Amino acid sequence: MTDCIFCKIAAGAVPATVVYRDEAIVAIEDLNPQAPTHLLVMPVEHHATIVSASAAGGLVGKLVAAASRLGTQRGGENGFRLVVNTGPDGGQTVGHVHLHVLAGRQMTWPPG
């Protein structure tokens, strides 16, 4: 998708601090971190929401696996939080599915 910022980041057309990349997934540091570690894990291929990504045969599992590895590496034994915002009422502000990995501090509940 030509106007999607995350597609541009995945393609390397927009700079970002990439912390992980493979053929299907890219993970970057969030520009507005809400925790000491705040990463965004997204598919290289455009999917607007987790709903559309879940129809893509195994993609959601790959996203969660990558996010879990990064959360473990960055959050250590104290844990981490994975967040997926879906649609405007769910707080999604970029129309490209992505998982937030939050770590490095005690998380509170309820989250929002």
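Brief remarks on what is shown
- Whole-Hz ³J(HN,Hα) from phi, Karplus 6.51 cos²θ - 1.76 cosθ + 1.60, for segment 30-36, glycine and proline x: 6, 6, 10, x, 9, 7, x
- On Cα atoms only, tilt of 59-75 relative to the major axis of the chain in degrees: 30
- By the helix-only formula, in which each DSSP H run with n ≥ 4 contributes -39500 (n - 2.57) and the sum is divided by residues, the chain has a 222 nm mean residue ellipticity of -7500 deg cm²/dmol.
- Listed residue (Ala48, Gln73, Asn85) projecting farthest to the positive dipole end of the chain, Cβ model: Gln73
- Linear extension gain, Val14 paired with Ser52, 0.36 nm per residue minus alpha-carbon span: 11.3 nm
- Surface/4 of the Cα convex hull for the chain, nm²: 6.9
- Distant-in-sequence amide H partners of Gln34 (H built 1.01 Å from N, under 5 Å): none
- Placing unit charges on each Cβ (+1 for Lys and Arg, -1 for Asp and Glu) gives the chain a dipole about its Cα centre, and among Leu59, Gly104, Ile9 the Cα reaching farthest toward its positive end belongs to Gly104.
- Length-normalised contact order of the chain in % [C-alpha pairs under 8 Å, at least 6 apart]: 28
- Taken one residue at a time, the phi angles of segment 44-57 give Karplus couplings (6.51, -1.76, 1.60, θ = phi - 60°) of 5, 6, 6, 9, 5, 9, 4, 5, 5, 5, 5, 7, 9, x Hz. Gly and Pro are set to x.
- Length gained when the stretch Gln106-Asp89 is fully extended (0.36 nm per residue, less Cα-Cα span): 3.6 nm
- Each Lys and Arg adds +1 at its Cβ and each Asp and Glu adds -1 at its Cβ; summed about the Cα centre, the chain shows a dipole of about 220 debye.
- Amide hydrogen neighbours beyond the local backbone of Val44, cut-off 5 Å, H modeled: Ile25, Val26
- Anisotropy class of segment 69-112 from Cα gyration tensor, a/c 1.5 cut: oblate
- Cβ-derived FRET efficiency at R0 22 Å, Ala24 paired with Gln73, nearest 0.05: 0.70
Every number here is computed from the coordinates shown, using simple stated rules; none is lab data. Since this is a predicted model, take the numbers as computed values, not measurements. We place every Cβ from the backbone using ideal geometry, glycine too, and count neighbours over all the protein chains shown.
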